Ligand code: GDG
């Protein structure tokens with residue numbers, strides 16, 4: 001069996017990562033089997049003249065190979081090109097995008113250095129799986145190092161429409177390096193279609209059918225592989241005695257008997273201010289809900305060194321303060337806003353305890369919170385998912401209440417529908433949703449991707 005090598009921007013502490021979810025959980029099994037290796041940045045920064053040597057470790061049967069970044073790499077490659085240029089552009093936020101020549105240089109330099117370190121670890125027949133927007137040129141750099149093995153790429157965020165993609169000053173290069181992969185995976189069919197449309201319209205590419213696309217003299221597979229979760233483990237976490245205790249505590253401590261829950265990294269793509277405005281609108285439109293419903297928003301900090309993230313934090317603090325000031329009473333706080341990460345098991349208990357899950361990103365690759373919300377519910381008394389039509393998850397979770405997150409009134413009305421929905425309809429929606437969450441689970445995502453990579457036609461000169 002060929003060995004799997006996963007490359008992602010950040011290799012986290014495996015033990016912590018498995019507890020908090022994310023890529024580590026998704027790939028744990030595959031990495032444990034067959035001497036897998038997880039390669040990437042170790043999360044530290046060092047001085048320019050420090051050694052950038054590779055560190056090999058082993059945790060839980062998973063081998064990791066990590067390297068540090070210099071402070072300059074961190075500024076240019078990570079904060080700069082990845083998070084101030086690509087992240088906003090791929091999420092349709094050109095107003096927040098910032099392009100600097102030095103960012104691009106840093107991005108290329110780091111990808112080149114990562115490729116040099118990784119190439120030395122690759123053995124014949126290894127399968128290499130590269131993750132996300134930080135590492136788009138990694139395969140091209142690995143090919144420069146002589147790597148002939150199969151390399152796949154999965155983009156966790158949306159691939160924007162060609163108009164947005166072409167706003168990146170070096171879009172032609174960024175599209176061309178995608179063709180060093182054998183398989184390019186996307187979250188949704190519309191992301192894959194956007195990519196293909198770009199190469200057809202801008203690079204004389206040709207869609208050959210069966211998700212094959214030809215451009216720059218090469219043919220690759222560009223296909224949707226919607227990421228999922230492990231629904232059984234989420235359900236179990238939401239139904240432990242500790243989860244029951246959390247729920248009882250929540251009910252005792254609050255006068256309101258209904259909860260609306262939101263859980264998102266504090267990111268401007270997640271639509272958090274709009275969500276708070278919609279909650280305020282709910283209280284204006286339906287005064288009978290006052291004192292009966294509380295909105296809880298968990299929003300752990302992220303990328304705080306990027307300016308746009310400070311702005312969103314201030315906006316959110318202002319909004320929650322003003323809603324609480326306007327509507328709150330000595331015995332009722334309408335909005336509970338928690339700006340820190342909470343344990344995964346507590347999160348699952350909160351998902352289960354809430355009557356409505358509010359997932360309203362302005363754009364999102366998939367949004368795993370939506371799937372975790374469904375998986376946590378009590379089948380007899382399930383909460384209702386209100387889901388933005390701009391989340392990748394909306395392509396599959398069609399029995400959620402779909403909303404346009406830009407339309408405050410529509411979200412408020414959807415929330416009211418969710419909170420007043422009869423139990424028979426809640427069960428019916430839940431039963432359809434859970435079937436989908438179970439079917440498109442994380443194992444299926446991983447296995448279908450790896451199968452596509454293993455069987456991709458390869459036309460490399462040897
Ligand atoms: C990217 C794409 C795509 C959140 N708060 C806490 C916490 N979380 C967990 C959630 C969920 C994960 O973090 C977030 O995943 P999402 O998918 O919702 O969003 P991104 O972080 O933006 O992820 C996204 C994803 O990659 C996978 O491909 O779906 O579109 O943007 O698992 O539960 N976990 C804990 N405490 C928190 O406070 N423990």
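The values are calculated or read from the model by the stated rules, or taken from the named source; none is laboratory data. Remember, it's a predicted structure, so these values are computed and weren't measured experimentally. Positions of Cβ are backbone-derived with ideal geometry, glycine not excepted, and every protein chain shown enters the neighbour counts.
Is it the case that segment 228-244 has a residue that's in contact with a strand residue (DSSP E or B) (Cβ under 8 Å, 6 or more places away or on another chain) and buried (at least 16 other Cβ atoms within 10 Å of the Cβ)? No, segment 228-244 contains no residue that is in contact with a strand residue (DSSP E or B) (Cβ under 8 Å, 6 or more places away or on another chain) and buried (at least 16 other Cβ atoms within 10 Å of the Cβ).
The residues of segment 162-199 that are within 18 Å of residue 94 (Cα to Cα) and in contact (Cβ under 8 Å) with a residue 60 or more places away in the chain, listed by number, are 164, 165, 167, 168, 169, 170, 191. When 205, 152, 185 are checked against the criterion of being touching a strand residue (DSSP E or B) at 6+ places or on another chain (Cβ under 6 Å) and within 25 Å of residue 268 (Cα to Cα), a single residue qualifies: 185.
Taking segment 145-154 as the range and being surrounded by 24 or more Cβ atoms within 10 Å (Cβ to Cβ) and more than 23 Å from the chain's Cα centre (by Cα) as the test, no residue passes. One residue stands out in segment 97-144 among those that are within 16 Å of the ligand (Cβ to nearest atom) and assigned to a strand (DSSP E or B): the one that is farthest from the chain's Cα centre (by Cα), namely 129. Candidates are the residues of segment 347-370 that are assigned to a helix (DSSP H, G or I) and near the ligand (Cβ under 8 Å from one of its atoms); the one that is farthest from residue 390 (Cα to Cα) is 347. Considering only residues that are within 22 Å of the chain's Cα centre (by Cα) and either away from the ligand (no atom under 12 Å from the Cβ) or not in a helix (DSSP H, G or I) (or both), which ones fall in segment 222-237? Listed by number, the residues that qualify are 222, 223, 224, 225, 226, 227, 228, 229, 230, 231, 232, 235.
Restricting 318, 271, 262 to residues that are farther than 23 Å from residue 370 by Cβ and at pLDDT 90 or above narrows the list to 318. Only residues that are out of contact with any strand residue (DSSP E or B) (no Cβ under 6 Å at 6 or more places or on another chain), in a helix (DSSP H, G or I) and either surrounded by fewer than 16 Cβ atoms within 10 Å (Cβ to Cβ) or without any contact (Cβ under 8 Å) to a residue 12 or more places away in the chain (or both) were counted across segment 315-340, and they come to 7. What is the number of the single condition among (1) touching a residue at least 40 places away in the same chain (Cβ under 8 Å); (2) more than 21 Å from the chain's Cα centre (by Cα); (3) not in a loop (DSSP other than H, G, I, E, B) that residue 374 does not meet? Going through the list (1) touching a residue at least 40 places away in the same chain (Cβ under 8 Å); (2) more than 21 Å from the chain's Cα centre (by Cα); (3) not in a loop (DSSP other than H, G, I, E, B), residue 374 breaks only (2). I'd like the full set of residues that are without any contact (Cβ under 8 Å) to a residue 12 or more places away in the chain and farther than 13 Å from residue 167 by Cα, limited to segment 91-110. Within segment 91-110, 101 is the sole residue that qualifies. The set of residues in segment 157-173 that are in contact with a helix residue (DSSP H, G or I) (Cβ under 8 Å, 6 or more places away or on another chain) and either in a helix (DSSP H, G or I) or within 16 Å of the ligand (Cβ to nearest atom) (or both) comprises 157, 158, 159, 160, 162, 164, 165, 171, 172. Just one of (1) over 14 Å from residue 231 (Cα atoms); (2) out of contact with any strand residue (DSSP E or B) (no Cβ under 7 Å at 6 or more places or on another chain); (3) within 12 Å of the ligand (Cβ to nearest atom) fails for residue 376. It is (1).
Taking residue 312 as the residue in question, decide whether it is assigned to a helix (DSSP H, G or I), more than 18 Å from the chain's Cα centre (by Cα), more than 10 Å from the ligand (Cβ to nearest atom) and farther than 28 Å from residue 90 by Cα. The answer is no for residue 312.
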